[in-house]
Amino acid sequence: MRLVFFEKSPRNIIIPAARELALAAPLGLAKVALVVNPSDAELDAITATVPLDMLQLHGRETPERVAEVKARYGLPVMKAVGIADGDDLPKLESYFGVADQILVDAKPPKGGELPGGNGLSFDWRLIAGRRWPCPWMLAGGLTPENVAEAVKMTGAKQVDVSSGVEDAPGQKNAELIQKFVQSSRA
């Protein structure tokens, strides 16, 4: 369960509501806080109130900042890295050994306010067949219609979806979610 703490996102949730959802979540369901360039004060407020299993850093956090967050909060950290072309791969690789997991996402459009959930994909051939030293998850423009191809091409063991299963920004469609899950396993 991903809980988005980013005011500009249509998926944003406030801390008290996130706590209620996290406490009601089925046992074994991972609770992940998605944050964008968070301050320590913001992370302090979230982690003191919401029971979490992981933090997802989805901004411009450096490898050093990822290490600081891991040390301070004692939670595994997933770092989202935007990919537009092969020049972005060294940046992704700079998080190996620091992040516990990498979210390989499409780079947001220039001037865009959202670092993810934009419905954009990238050329999956850029990462096809890559073996990385930490777990990774594929994101970026995935839908029920293209997720099977994306998994086949990249070898992704995990996928992430947001706008690809929404009727409108922030409004998930249960039927699309079901189709996405089925297609991702095809």
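To check you understand DSSP bridge types, tell me what percent of the beta bridges within the chain (both residues inside) are antiparallel, rounded to 5.
Antiparallel bridges: around 10 percent, rounded to the nearest 5.
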**OP:** Would you mind checking the pairs Lys31/Lys79; Lys110/Lys157; Lys31/Lys70; Lys79/Lys107 and listing those with alpha carbons more than 18 angstrom apart?
**Re:** Lys110/Lys157
Original post:
Label point 7 Å out from Ala168 along Cα-to-Cβ: which residues of segment 1-22 have amide N under 19 Å?
Top reply: 8-13
Original post:
For segment 63-96 and segment 3-55, what is the separation of their C-alpha centers, rounded to whole Å?
Top reply: 19
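Using Cβ counts within 10 Å as a stand-in for footprinting exposure, how do Tyr95, Tyr73 rank, fewest first? Can you show the working numbers first?
On the way: Tyr95 25, Tyr73 17.
Ordered by Cβ neighbours within 10 Å, fewest first: Tyr73, Tyr95.
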**OP:** Please list, in chain and number order, the residues 5+ apart from Met137 or on another chain whose amide H is under 5 Å from its amide H, with Hs placed from the backbone.
**Re:** Ile102, Leu103, Val104
Original post:
Which whole-Hz ³J(HN,Hα) couplings does segment 131-138 yield from phi under the Karplus relation 6.51 cos²θ - 1.76 cosθ + 1.60, θ = phi - 60°, glycine and proline marked x?
Top reply: 10, 10, x, 9, x, 9, 10, 8
Original post:
So which aspartates and glutamates can Lys179 reach, going by Cα to Cα under 17 Å and dropping same-chain residues fewer than 8 places off?
Top reply: Glu145, Glu149, Asp160, Glu166, Asp167
**OP:** Given the options Gly59, Gly141, Gly86, state which has the largest fluctuation in a GNM of the chain using a 10 Å cut-off (strictly under) for Cα springs.
**Re:** Gly86
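Quick note: the coordinates plus some simple rules give every number you see, no bench work behind them. Everything numeric in this text was worked out from a predicted model, so none of it was measured. Cβ coordinates were reconstructed from backbone atoms using ideal geometry, including for glycine residues, and neighbour counts include every protein chain displayed.
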